[in-house]
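Structure, as structure tokens:
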Amino acid sequence: MRYTLRQLEIFVAIARTGSVSKAAEQVALSQSAASTALAELERQFDCQLFDRHGKLLILNALGKSLLPAASSLLTQAEEIEQLLEGKAALGNLKLGATLTIGNYLAILIVSEFMQHHTECHIDLQVKNTQSILQQIAGYELDLGLIEGSCHHPELIAEPWMDDDLAVFCAPEHELAHKQNIVIEDLVNATWILREQGSGTRETFDHAMRHYASALKVRLELEHTEAIKRAVESGLGIGCISRLALRDAFRRGSLIEIKTPMLDLRRQFLLVWHKNRYQTPAITSFLDYCRSLTTTKEARHV
């Protein structure tokens, strides 16, 4: 075998970061050692894996073909190392969740899963939909739990849970107790919304697509709790997942604005790379997530 796992590890790190210096930090090598390892790998096979643009390295066609195979081989090598060390085979899981799922569902799901699989270590990252999909496509995450759509040709998106958004306001807002809300009320209101690139904003924008140019968006915030606080303080009305509003609606600190004219339904998705090697941790977590929806559906039969 004319290559080493270390060379592949450095290649994958450079592919993910686009930089030899950043990759060297990830694999705990000097920059010169990482650069030498990549150069030696390319020299051994008389090939080039990156296009060079100054200090930036961008995967070429051959590099893109190699990345999934190299990532999968490194994952399997890690499994072998854990087995040789006497550890269970389930291994580690790098999980990404979008903000609504991460803040209101993922922690509960992960904690319950780890109670049944105490040997599994999970690294959970909570970001918006666009960021999670980019990291899955770049083999930085094994799985994603997202609330937006996925159109990436190399990613598999499986429908998971149903969800819907709710429009809401402070109890003192003029729309709080108005009967028969019409679309003009929403167009004339001031809005506090999630940022572009989030699944929540995507669903809202699609529902209001015919009125987008007339909307008055006062604030765009990354976190649902910040939106709730801003709406509570009277800065405007908002639209986020009903999941994030249950307690506030129950307490009466926020009031739902009924909007039957809007389609605010959506689905949470399970997402992974189609070329990603399916480790025992990945398959076990996918099966566990699927079982949650099966159990939920059974309760309604």
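Applying the set (1) part of a helix (DSSP H, G or I); (2) over 23 Å from Thr279 (Cβ atoms) to Leu8 leaves exactly one unmet item: (2). What number of residues within region 179-188 are more than 17 Å from Pro260 (Cα to Cα) and hydrophobic (A, V, I, L, M, F, W, C)? The qualifying residues number 0. If you go through region 1-18 and keep only what is among the polar types (S, T, N, Q) and within 22 Å of Asp142 (Cα to Cα), you end up with Gln7, Thr17.
Among the residues of region 116-163, count how many are under 22 Å from Asp287 (Cβ atoms), touching a Gly at 6+ places or on another chain (Cβ under 6 Å) and either surrounded by fewer than 19 Cβ atoms within 10 Å (Cβ to Cβ) or among the small types (Gly, Ala, Ser) (or both). Residues flagged as under 22 Å from Asp287 (Cβ atoms), touching a Gly at 6+ places or on another chain (Cβ under 6 Å) and either surrounded by fewer than 19 Cβ atoms within 10 Å (Cβ to Cβ) or among the small types (Gly, Ala, Ser) (or both) within region 116-163 amount to 2. Under the condition of being touching a Phe, Trp or Tyr at 6+ places or on another chain (Cβ under 7 Å) and free of Cβ contacts under 8 Å to residues at least 40 places away in the same chain, the residues counted in region 46-81 number 2.
Here are some residues: Gly96, Gly63. Which one is closer than 30 Å to Met161 by Cα and either of a type outside the set (Asp, Glu) or exposed (fewer than 12 other Cβ atoms within 10 Å of the Cβ) (or both)? Even if it seems obvious, please write down each step before you answer.
On the way: Gly63 fails: closer than 30 Å to Met161 by Cα.
Result of the check over Gly96, Gly63: Gly96.
Regarding region 131-148, can at least one residue be identified that is under 30 Å from Gly252 (Cβ atoms), among the acidic types (Asp, Glu) and part of a loop (DSSP other than H, G, I, E, B)?
Taking region 131-148 and keeping what is under 30 Å from Gly252 (Cβ atoms), we get 147.
Next, from what is left, pick out any that are among the acidic types (Asp, Glu): 147.
Filter again for part of a loop (DSSP other than H, G, I, E, B), leaving 147.
Scanning region 131-148, I find at least one residue that is under 30 Å from Gly252 (Cβ atoms), among the acidic types (Asp, Glu) and part of a loop (DSSP other than H, G, I, E, B), so the answer is yes.
Within region 37-63, being closer than 16 Å to Arg6 by Cα and acidic (Asp, Glu) holds for Glu40, Glu42.
Of the helices (runs of 4 or more DSSP H) entirely within region 197-295, those holding at least 3 residues that are touching a strand residue (DSSP E or B) at 6+ places or on another chain (Cβ under 6 Å) occupy 199-207, 224-232. Just one of the numbered conditions (1) loosely packed, with under 14 Cβ neighbours inside 10 Å; (2) over 25 Å from Ala97 (Cα atoms) is not true of Gly236: (1). If you go through region 31-80 and keep only what is among the polar types (S, T, N, Q) and out of contact with any strand residue (DSSP E or B) (no Cβ under 7 Å at 6 or more places or on another chain), you end up with Gln31, Ser32, Ser35, Thr36, Gln44, Gln48, Ser65, Ser71, Ser72, Thr75, Gln76.
All of the numbers you see were taken from the coordinates with simple rules; none came from a lab. Everything numeric in this text was worked out from a predicted model, so none of it was measured. Methodologically, a virtual Cβ is constructed for each residue, glycine included, from the backbone with ideal geometry; neighbour enumeration extends over all protein chains shown.
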